[in-house]
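These notes are about the structure you will find just below.
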Amino acid sequence: MDHQTNLGLINYGVTMTTLEDVFLRLEGNENIKEEDYGILHGGEMAGKDETEQDQLLLSDTGKVTVKGTELWRQQVYAIARMHFLNLKRESKIWGTLLLLTGVILAPYIIEFITYYVWLNLQYEEIHPGLYFEPGKQFFRGTSGLLVLNNTGGKIDNFIQALKSQNILMDVISGDIVSDQLVHNGAIKVDLENKKYRFTLMCHMEITNCYPVLVNIISNAFLHMFNSTAHLRTWSHVFTEVSVPEEYQMKGF
């Protein structure tokens, strides 16, 4: 409207009232004297300079009217402020809902954390170093692993595979076990029909000894077959086991 003077509009203005009052004026529900005054005296304002047309106008009610970009700026500010107040009021409601949700979920979260911590404290990896590591002694001086070679021949490959696991051990021939119980565990190796047979023996006061001995024998065979794999044993059963896709059996 400022740039299209051919429309016949010499000057215009909008009073700084509430948004509701502005909407009512646009609908024609109110006759405001300020607008009539601006229309009747439009001819008198035509002779004034352009700088005077950009000045603020005073209505008969004493309110200031603005025009152009300043008017739109103030309207945007008013709408933004209204939305901000609504958001501030709604934020209190959301805060209350979040607080109630936190109070309801807090017992379950605490229970989950407690259970997770208990699992980590209760279960641990069991490995040969717990009972057969060199330099460790347990109940009344017991230590190391006893290997009984009852094959009638040499089992150097098996012995070397055991030593690769950093195990303190004694190797004797035969199947006679000393009554002094100076070892934490023992493995007796027999040969039947060209097949090795293993008998496991553990100290009565050693916990989880048998799983450790099975793990030792398994890793020994992996080493003998030049495999880089290594088996690990835990003191609990895994409820979920992830099997790589290449090892899964495919249906026909």
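Read the figures in this text as sums done on the coordinates, not as results from a lab. It should be emphasised that the depicted structure is a prediction, and the values quoted were computed from it without experimental measurement. Here the Cβ positions follow ideal geometry from the backbone for every residue, glycine too, while neighbour counts run over all protein chains shown.
What to note about this one:
- Cα-based Lys proximity count in the range 128-234, under 23 Å, for pairs eight or more positions apart or on separate chains: 8
- For the pair Leu200 and Trp118 in one chain, pulling the backbone fully straight at 0.36 nm per residue adds 26.4 nm over the alpha carbon distance.
- Rounded to 5, percent antiparallel among DSSP beta bridges of the range 147-237: 55
- A compact globular protein would have a Cα radius of gyration near 2.2 N^0.38 Å; the ratio found for the range 68-122 is 2.27.
- When Ile159, Ile110 are sorted by how many other C-beta atoms sit within 10 angstrom of their C-beta, beginning with the fewest, the order is Ile110, Ile159.
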